[in-house]
Amino acid sequence: MVNYKDLGLVNTREMFKRAVAGGYAIPAFNFNTMEQMQAIVMAAVETKSPVIMQVSKGARNYANGTILRNLAKGAVEYAKELGCEHPEIVLHLDHGDTFELCKDCIDNGFSSVMIDGSSLPYEENIALAKKVVDYAHQFDVTVEAELGVLAGVEDEVSAAESHYTKPEEVIDFSTRTGCDSLAISIGTSHGAHKFTPEQCTLVNGVLVPPPLAFDILAEIEKKLPGFPIVLHGSSSVPMEEVNTINKYGGKLEAAIGIPEEQLRKAAKSAVCKINIDSDSRLAMTAAIRKHLAEHPGDFDPRQYLKPARENMKKMYIHKIVNVLGSDGKLAQC
């Protein structure tokens, strides 16, 4: 067994406690490649922010669990090389769907796991989450569970429609599972096409998605004061990246995300972890398409992955500083 503490990683407990009290959210960025990891670490060090590096089931299958674990270990050392003596980096499993997957991640150096039984009947969701919690807590690994269903598609996570979290269930669910944080559904969704044009309002020629259900979030906060809440599917799908992709041969139609001002409002509440994946993919793809269009003779991957890494770093810094508010929030620099 590999313990995450031997890799220099931390769990989410203390950083969430500070985030809830301080009115900001910890960035949770998904990664699949070395370039994404480098960009995440560079942005976190430059902004002095704690950070959660997320790995989906699909990412483990794509890049290999051992490689990803060692990338996370390398991320800690890299942060120190960049001048951060006490980095706070979490390696987190995003949308674990079985006990066996969560156990394997815990046994192989993850400091946090998510068990997503939200598609199961309520009692089965509780039983599965509790089983994961009971195992994880033996090794001081923190556990995120989900109540409510997000629409959209991202990796293996797919749902045709969302079901908002029921505030009347959150006390029973969190108490019986013992989870450390709770992912809720209040109108976010997975992927770059979060809403159909029919769901949006046209304002000055721009499609504006329906607002998040802050009334439900407020009710959940009343039921679970101070409890860490998580928002999935929170990419904003920046139109400058979408337009760049389309300009240089891409075809992303009706790509719509969550307005950043709504995410900032959520981050000032009990929402202390906000997941961002699609925006990273868009930033990477936009930079690669632009570079190859402007430099058709380039074939060395470093030539187009370097600007991709820089574009992702810029996006991560923007999210940390202007949306989540986690800059300068390391316990120790």
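The values are calculated or read from the model by the stated rules, or taken from the named source; none is laboratory data. This structure is a prediction, so every number in the text was calculated from the model and none was measured. Note that each Cβ is placed from the backbone with ideal geometry, even for glycine, and that neighbours are counted across all protein chains shown. These area figures cover heavy atoms from the full protein model, side chains too; ligands, DNA and RNA do not enter into them. Shrake-Rupley method; radii C 1.70, N 1.55, O 1.52, S 1.80 Å.
Values as computed for the structure displayed
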quantity	calculated
Identity of the residue in region 153-202, under 30 Å from E240 (Cα atoms) and among the polar types (S, T, N, Q), that ends up modelled with the highest pLDDT	S185
One residue from E14, E46 being open to solvent by 10 Å² or more (accessible area, probe 1.4 Å) and farther than 18 Å from K319 by Cβ	E14
Members of region 100-148 found to be under 27 Å from G74 (Cα atoms) and open to solvent by 10 Å² or more (accessible area, probe 1.4 Å), listed by number	E100, L101, K103, D104, D107, N108, Y135, H137, Q138, F139, D140
Answer from T66, T33 - the residue that is in contact with a helix residue (DSSP H, G or I) (Cβ under 9 Å, 6 or more places away or on another chain) and polar (S, T, N, Q)	T33
Test: residue in region 210-221 that is of a type in the set (D, E), open to solvent by 80 Å² or more (accessible area, probe 1.4 Å), modelled with pLDDT under 95 and part of a loop (DSSP other than H, G, I, E, B)	no
A59, sole failed condition from (1) touching a strand residue (DSSP E or B) at 6+ places or on another chain (Cβ under 8 Å); (2) modelled with pLDDT under 95; (3) not in a helix (DSSP H, G or I)	(3)
Members of region 62-73 that are buried (at least 22 other Cβ atoms within 10 Å of the Cβ) and either outside any helix (DSSP H, G or I) or in contact with a Gly (Cβ under 9 Å, 6 or more places away or on another chain) (or both)	A72
From the options N311, N322, residue that is part of a helix (DSSP H, G or I), of a type in the set (S, T, N, Q) and more than 21 Å from L252 (Cβ to Cβ)	N322
Qualifying positions in region 299-316 - open to solvent by 40 Å² or more (accessible area, probe 1.4 Å) and either closer than 19 Å to L263 by Cα or in contact with a Cys (Cβ under 7 Å, 6 or more places away or on another chain) (or both)	K314
Of all residues in region 282-299 being outside any helix (DSSP H, G or I) and not hydrophobic (A, V, I, L, M, F, W, C), the one that is farthest from S236 (Cα to Cα)	G297
Filter pass, S280 being at pLDDT 95 or above and surrounded by 17 or more Cβ atoms within 10 Å (Cβ to Cβ)	yes
